[in-house]
Amino acid sequence: MIPLAWGYLCSIGLVLVTPVSPLQISQAIETEVCSHETYSSQCQYDEILVITKAIYGHIRQGRCAIRDVGHFGCFTDVTSYMESQCLSQRSCIVTMTDVIETVETEVCAHEDYTSQCQYDEILVITKAIYGHIRQGRCAIRDFGHFGCFTDVTSYMESQCLSQRSCIVTMTDVIESQPLKDVCVTMAAVASEKFFFSKQAMQEHCPSPGYVTLEAKPGQQVKVNIIIPASNNDHQEIGGVVEDGIEHAYEISTNTDGRLEGQYTSKTNSVTLVIGEAPHSHIIVFQGTGCADIKSPHNSFIERDGDTLVVRCRYTEQVWNLKCIGTRWIGAVGTCNTPTELPPIAEISNDNEYEDAHDKTDEIEVISKELIIGIIISATFVLCCLVFAFGYLCTKGMKRKYLPNKDYEKCEMVAVDGTIARMLKTDNVQTWQNTMNPTMIRNDHMPVVAQDRDFITVNTNNL
């Protein structure tokens, strides 16, 4: 719904004869009226209406526009019209259809529909029908078909909604004849196309019974199966293959009591499997949704269903688009290339430099500590080696110069306390030769001296 909002004042006349102002103005009241409603206002018996502002269009989200469809901010000033209807009145009633002018155009089948708005206006399609409507410029005689028409509002909205200008060829609005060649891949466009199931079973087709439908990338394919015969089994109409998986139609009953099968794809390409039903049925298809757009230079696109966001890589520029019908509503600009790096990149580089500098300092500290540790370890090992070498040398000298601990360089004393002989040499053999088995007592009597008769008395001072 399109809301109408304006403010009005009720002027209150005072019956007092005083030198002060004879007019009192009440506070302005703002009223929101939807496009299908009627505006009404009533003042007190001593008040009149004064219109201060009146605008008509997609103003803001509220009671009339419960969601944003991409047209907020598109409105026109209708203050002068409301003043002509309500100014200085005690009461006022205005139908919203009278606020804005609706232009009705009759276009014949061989003509093109054209429309051009002012620089600050856009097109809004309220109703569009195609067929034998009434006698007039296109149908000068009645052939008995008046009243046979179809609603093409959705198609005209997809072509013209929110545009400043629009050109539509009537032959594109509706196809009056079924498609003839169903053996090749058929393009699914915004307008509905149809063919009969018997056409797909022709033997001259490379794959009889299979029909491929393809829309533009980003769009979906909507398929509707109409079964004219009431006794047809819906299991014989076939199915739809998408991404290698076969899906069944969603069967329902239309207003005429006939069975219909619907399927809307998730991708832009499907293959129809035509069932061998005894009676031919009608297959209607069209492309829905908005096709993917090419991203501008130095930008990337984020799409989520019917919303699309274009973001620049090097700047903070963002454009939001809304898909209405098969058209993107909104504008996309050009991404500016920055002459120098953004502050974030500079901060990132500084951080990287500081991190690298800190890492270098840490490596230098670790290297110094490692060198000191190596020096201390090497000194300790060297001291251990010197100590071990000295110890081994001392042991070797003891073995060389002290081969007999009991007798070498010893002063021997006889059992009776008489000094017998002192060993003067280190040679063991000499010691053995000089040692006589007998010794002479004082009475000149030979005495046999055994090893047990001698003891060592001074081993260090020889």
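Being more than 30 Å from residue 30 (Cα to Cα) and among the hydroxyl-bearing types (Ser, Thr, Tyr) holds for only one residue in 56, 113, and it is 113.
Within the stretch 248-271, restricting attention to residues that are modelled with pLDDT of 90 or more and within 20 Å of residue 201 (Cα to Cα), which residue is surrounded by the fewest Cβ atoms within 10 Å (Cβ to Cβ)? The extreme case among them is 271. The strands (runs of 3 or more DSSP E) located wholly in the stretch 278-328 that include 1 or more residues which are over 30 Å from residue 196 (Cβ atoms) occupy 299-304, 307-312, 318-324. Has the stretch 215-228 got at least one residue that is modelled with pLDDT under 90, more than 30 Å from residue 322 (Cα to Cα) and assigned to a loop (DSSP other than H, G, I, E, B)? Yes: one or more hits.
The residues on offer are 273, 240, 221, 284, and the sole one that is within 29 Å of the chain's Cα centre (by Cα) and closer than 16 Å to residue 182 by Cβ is 221.
With the condition kept exactly as written, say whether any residue in the stretch 97-117 is out of contact with any strand residue (DSSP E or B) (no Cβ under 7 Å at 6 or more places or on another chain), among the small types (Gly, Ala, Ser) and without any contact (Cβ under 8 Å) to a residue 40 or more places away in the chain. No: zero hits. Being surrounded by fewer than 16 Cβ atoms within 10 Å (Cβ to Cβ), modelled with pLDDT of 80 or more, under 37 Å from the mean Cα position of the chain (by Cα) and closer than 23 Å to residue 286 by Cα, is that true of even one residue in the stretch 187-198? Within the stretch 187-198, one or more residues are surrounded by fewer than 16 Cβ atoms within 10 Å (Cβ to Cβ), modelled with pLDDT of 80 or more, under 37 Å from the mean Cα position of the chain (by Cα) and closer than 23 Å to residue 286 by Cα.
The values are calculated or read from the model by the stated rules, or taken from the named source; none is laboratory data. Everything numeric here is computed off the predicted structure, so don't read it as measured data. All Cβ positions, even for glycine, are placed from backbone atoms using ideal geometry, and neighbour counts span all protein chains on display.
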